[in-house]
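Reviewing the structure listed below.
The values are calculated or read from the model by the stated rules, or taken from the named source; none is laboratory data. This one's a predicted model, so the numbers in the text were calculated from it and none came from an experiment. Glycine also receives a Cβ, built like all others from the backbone with ideal geometry; neighbour counts cover every protein chain displayed. Remember, those area values only see protein heavy atoms, side chains included, never the ligands or the DNA or RNA. Shrake-Rupley method; radii C 1.70, N 1.55, O 1.52, S 1.80 Å.
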There are 2 protein chains.
Amino acid sequence: MELTCIHHVAYVVEDLDAALPFFTDRVGLEVKVRENLANDGVEALILGVGASAVELIAPTVADNGVARFLASRGPGLHHVAFEVPDIVVAMAELAEAGAELLDEQPRIGLGGHKVAFIHPRSWLGVLTELVEAHE
Amino acid sequence: MELTCIHHVAYVVEDLDAALPFFTDRVGLEVKVRENLANDGVEALILGVGASAVELIAPTVADNGVARFLASRGPGLHHVAFEVPDIVVAMAELAEAGAELLDEQPRIGLGGHKVAFIHPRSWLGVLTELVEAHE
């Protein structure tokens, strides 16, 4: 398989609007996309960093994984996403290598990309996302 | 200030040689640099991912921060590194913004780059490295 680049690094925060000024006004990043993903119970945004990005995620409900992450650990790294040219091929190769995939099929994530998640057990203790980028 | 790209994402592992085959044979990444950093009590290597990289770090002594990280949390994300065009400027701007820097001066890191670390408290709970890349 092939990893093209680090697509983004995603952090959980309590409140997007509270976290944002440090990254926009101080670090100088720009918001590229901001979406309320009601089905996932999160609000998320993408800050461009060259060809990669920083993603900030905040829970909008009290009882999902992101809300529990925040309650138990506080703000921190949620996942690292790598871009792949063909997500179906990458998922098949990882499954064959014994990696535990959390999605059986690619699904549509933030920004309209095809995405799939890999269990932290199968990637050095870190939740890992594969992204086949949408043009 | 300006962040040029995500320079690398670094994971702590127990043993570089045990962790490596998954990333080289299965994920298809190549080792670019491998160094024993005796002063830091770690061995580290860089796997290229497009213009970015994955870094693997393993402790070579029992009593440093990396060894304690591993003992308390197991393998996991150690830090995220962002490239900057001028590390001295970036450090000054972050300090002015109230960020807590762990290095007062840039130091030479893996691959000969100038690097400085930012406390997790000042970057969404994640240890963060600034890198001014060495040509």
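Can you tell me which of (1) out of contact with any Asp or Glu (no Cβ under 8 Å at 6 or more places or on another chain); (2) open to solvent by 60 Å² or more (accessible area, probe 1.4 Å) is the one B:THR60 doesn't meet?
(1)
Among the residues of the stretch B:46-68, write down those that are in a strand (DSSP E or B) and among the aliphatic types (A, V, I, L, M).
Scanning the stretch B:46-68 gives B:ILE46, B:LEU47, B:VAL49, B:ALA53, B:VAL54, B:LEU56, B:ILE57, B:ALA58.
Mind telling me which of the residues B:VAL54, B:VAL9, B:VAL13 ends up being surrounded by 14 or more Cβ atoms within 10 Å (Cβ to Cβ), without any contact (Cβ under 8 Å) to a residue 60 or more places away in the chain, within 13 Å of chain A (Cβ to nearest Cβ) and under 30 Å from A:LEU47 (Cβ atoms)?
None of the others qualify; the one that does is B:VAL54.
Just need a number here: residues in the stretch A:19-45 that are surrounded by fewer than 18 Cβ atoms within 10 Å (Cβ to Cβ) and part of a strand (DSSP E or B).
Result for the stretch A:19-45: 7.
Just to verify a result, which residue in the stretch B:72-96, among those that are within 11 Å of another protein chain (Cβ to nearest Cβ) and among the acidic types (Asp, Glu), is surrounded by the fewest Cβ atoms within 10 Å (Cβ to Cβ)?
B:GLU96
Tally up the residues in the stretch B:98-135 that are hydrophobic (A, V, I, L, M, F, W, C) and more than 11 Å from chain A (Cβ to nearest Cβ), please.
Number of matching residues: 9.
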